[in-house]
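Every number in this text was worked out from the coordinates using simple rules, so none of it is lab data. Bear in mind the structure is a predicted one, so any value in this text is a computation, not a measurement. All Cβ positions, even for glycine, are placed from backbone atoms using ideal geometry, and neighbour counts span all protein chains on display.
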Amino acid sequence: MVTPIHVLSDQVANKIAAGEVVDRPASVVKELMENALDAGATHIDVEIVSGGRKLISVSDNGHGMDRDNALLSLERHATSKIKDVDDIERVDTLGFRGEALAAIASVSRFSLTTRTAEALCGTEITVSGGKIQDVQERGCPPGTKMQVRNLFFNVPARRKFLRTEQTEQSHVRQVFLVYGLSYPAVDLKLTVDSRELYRLAGGATLEERLRDLYSAAFVETLRVVSYEQDGVKITGCVGLPQTHRGDRSEQYIFINGRPASAPILGAAINEAYQTLIPKGRYPLVFLFIELDPSMVDINVHPTKKEVRFRRPGLVRDILIESIRSALTTASAGSDSALPTMPVQEESRFTKPILKIENMPTTRTFQYPRMPLISEETAQVDTREPSSSSLPLPLNDEQDISSKNGPWTSCRVLGQVGGLYVILETEGGLVLMDPHAAHERILFERFMNEVLGHKVKGQGLLVPETVELGPQDALRVRKNMTLFEKMGFGISEFGGDTFIVDAIPNCLGNVSALSVLADVAHSFERGGARGGTEKWAEEKVARAACRAAVKARDKLTLEEIEQLVVDLARAEMPYTCPHGRPTLILMSFPELDKKFGRA
């Protein structure tokens, strides 16, 4: 028996649309807040009761609607945002489909109260389950107020899948915070069960809004991003490498003011932090991407959570460059500078807080080779890089002052566990992993030479024969030109065997076998996409530096001090190229607190 085809009624169609657009109270809050923002509101009040099950109310001071437009707004596919098909290619508003209000009204008891600034009185429309119950004049302030009661009262299956009140409330709060970050200039208030949770003042900057939502200490862990190229402008904040999370919950991306994302943006963020944070960790990101609306397609997902770019490669490269520019300490004089360790009002180098008589002393305490020196007397190290895998000895007259570094002066106190170095700086106590620090120094030195086309190679007295597995050999063979550009002398010897007769000068006496094996594995993990040439160069540099730093090299005091000097001058001294920390700081205020002296 053939089932006849028939047209669905508007009521059924609206409920189907509600399933795509409205799946929980937080979705309703999202759609109503977007309408308020599109209406030019500068003040928005959000109120929920019982996690949004009983009541969701959103009121604003936007331009409002007259009676006819208010009635038309409840119809499916009725919108003021676009007029014809060409407008879809350049949408610059948060909403444009014209489905949200009709879908919400079809699964709730809905009321709309609105008035324009010119009208003497407003209009109130009451809807129940998609059917208009009443339309009447109502005195009200300019703007719009929408109330959603008993959500999903006529869709028991959907209501059954709602979570607890606390869970639904947390989702509503998350939506509120997202739009609070996206529009810091708008005054926002959230009330939950007659209790005010948030009151965010309007006219704020992103930094002020972050301070309101998080804390001042949280803002200090962020770097300012401000970058523009080829019509793509990226602003916002990104977290320092030492502040990362186990998931992407603290990554917020706004595209032309819209909270949205795209797979290529996540990949770009991962690539920008690839040498800075451990694998499986995610940085803090608050980024605003602004570009011509015609360059982005937002008509991809019913809830507009995902977009597509017409030139994804361009956006990816600009995003990577903007993050890296913010994270490097080359811009230390700007607002985006990396905060250095806090300086105490009175140095604890010159005035000890406690004097102990007959205390046995050691050479490191008696002989602080790194005295306090102001930034004005800082000297630049102009010597050639060491050909050894260890740092150069430190001259007595050399200091570590660096306006870009994590400290202006420090002294070496000793080592623990035969590995970790203890330093005293003007900000507190620092533990340094010398081998992670050495790897960072070698990596930056190597990459600077590669990018400056100044790689110096050194020939090996006895060329080394390296035999690799079939897959590793294939990857090395495909990148022979890249290896030669980076200072390696490699030639094929037949089959899967290679002859290495030169290596970059800055890597010292590194094993050719370990370098080629690590590089091949790095290319394998990177996948087939590979990205730009700089990506491949960084893969080679990270693998080479890892091979150059031995796990338990014995370091003298002079070598440790030179390591501290070189690390202070690094662009990103806080992590090794693989994301492990090089430094752990315990500030003086933190020590005072732990000892009950705060």
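Take the Cβ-Cβ distance between ASP212 and MET586 as r, set R0 to 25 Å, and report the resulting FRET efficiency rounded to the nearest 0.05.
Numbers: r = 29 Å, r/R0 = 1.15.
Efficiency, from the Cβ-Cβ distance: 0.30.
Normalised radius of gyration for the range 214-331, please: alpha carbon Rg relative to 2.2 N^0.38 Å, two decimal places.
Working: Rg = 13.8 Å, N = 118, 2.2 N^0.38 = 13.5 Å.
Taking the Cα Rg and dividing by 2.2 N^0.38 Å, one obtains 1.03.
When a footprinting reagent is the concern and you count Cβ atoms within 10 Å, what order do MET146, MET295 take, fewest first?
Working: MET146 23, MET295 16.
In order of increasing Cβ crowding within 10 Å: MET295, MET146.
Could you derive backbone 3J(HN,Hα) for the range 471-484 from the dihedral phi with the Karplus parameters 6.51, -1.76 and 1.60 (θ = phi - 60°), listing whole Hz in sequence and x where the residue is Gly or Pro?
In residue order, the calculated couplings are 5, 5, 5, 5, 5, 5, 5, 5, 10, 4, 4, 5, 4, 5 Hz.
In sequence order, what are the phi-derived ³J(HN,Hα) couplings for the range 427-432 according to the Karplus relation 6.51 cos²θ - 1.76 cosθ + 1.60 with θ = phi - 60°, rounded to whole Hz, with x for glycine and proline?
Each residue's phi maps through the Karplus curve to give x, x, 9, 10, 9, 10 Hz.
Okay, which of the range 576-598 sit inside 18 Å, backbone N to the point 7 Å along the Cα-Cβ direction of THR221?
Zone members listed by number: 576, 579-591.
Can you pull the Rg over Rh of the range 10-198, Cα-only, Kirkwood?
Using Cα coordinates only, the ratio equals 0.94.
Please work out the FRET efficiency for the pair SER50 and GLU321, using the Cβ-Cβ distance as r and a Förster radius of 51 Å; give the result to the nearest 0.05. Could the numbers behind the result be given before it?
Details: r = 47 Å, r/R0 = 0.93.
Calculated transfer efficiency: 0.60.
Under 5 Å between amide H atoms, partner at least 5 residues away or on a different chain: which partners does GLY487 have, H built in plane at 1.01 Å?
none
In whole percent, what relative contact order does the range 10-198 give with Cα contacts below 8 Å and a gap of six or more residues? If you can, show how the numbers build up before the last one.
Details: 394 pairs, mean separation 53.4, N = 189.
Relative contact order, the range 10-198: 28 percent.
Taking amide H positions as placed in the peptide plane 1.01 Å from N, state which residues far from ASN256 in sequence (5 or more) or on other chains have amide H under 5 Å from it.
ILE289, GLU290, LEU291
The range 416-470: percent of C-alpha pairs farther apart than 13 Å?
Values: 1123 of 1485 pairs.
Value for the range 416-470 (Cα pairs over 13 Å): 76 percent.
Over 18 Å between C-alpha atoms is what I'm after, so list which of LYS160/LYS304; LYS30/LYS305; LYS54/LYS160 land there. Walk me through the numbers before you get to the answer.
Numbers: LYS160/LYS304 25 Å; LYS30/LYS305 11 Å; LYS54/LYS160 14 Å.
In this structure, LYS160/LYS304 exceed 18 Å between Cα atoms.
In whole Hz and in residue order, list the ³J(HN,Hα) couplings for the range 254-265 that follow from phi through the Karplus curve 6.51 cos²θ - 1.76 cosθ + 1.60, θ = phi - 60°; x for Gly and Pro.
Running phi through 6.51 cos²θ - 1.76 cosθ + 1.60 with θ = phi - 60° gives 10, 10, 6, x, 9, x, 7, 7, 7, x, 5, 6 Hz.
What order do you get for LYS305, LYS189, LYS131 when you list them from fewest to most C-beta neighbours inside 10 Å? Don't jump to the answer; show the numbers that get you there.
On the way: LYS305 14, LYS189 17, LYS131 10.
In order of increasing Cβ crowding within 10 Å: LYS131, LYS305, LYS189.
When all C-alpha to C-alpha distances in the range 174-262 are sorted into bins of 5 Å, what percent of pairs does each bin hold, rounded to whole numbers?
3, 12, 21, 24, 21, 12, 5, 2, 1, 0
Residues with amide H under 5 Å of GLY414's amide H, sequence separation 5 or more or different chain, H placed in the peptide plane at 1.01 Å from N; which?
ILE422
May I ask which of LYS81/LYS189; LYS279/LYS594; LYS83/LYS189 have a Cα-Cα span longer than 28 Å here?
On the way: LYS81/LYS189 26 Å; LYS279/LYS594 31 Å; LYS83/LYS189 33 Å.
Violating the 28 Å Cα-Cα cut-off are LYS279/LYS594; LYS83/LYS189.
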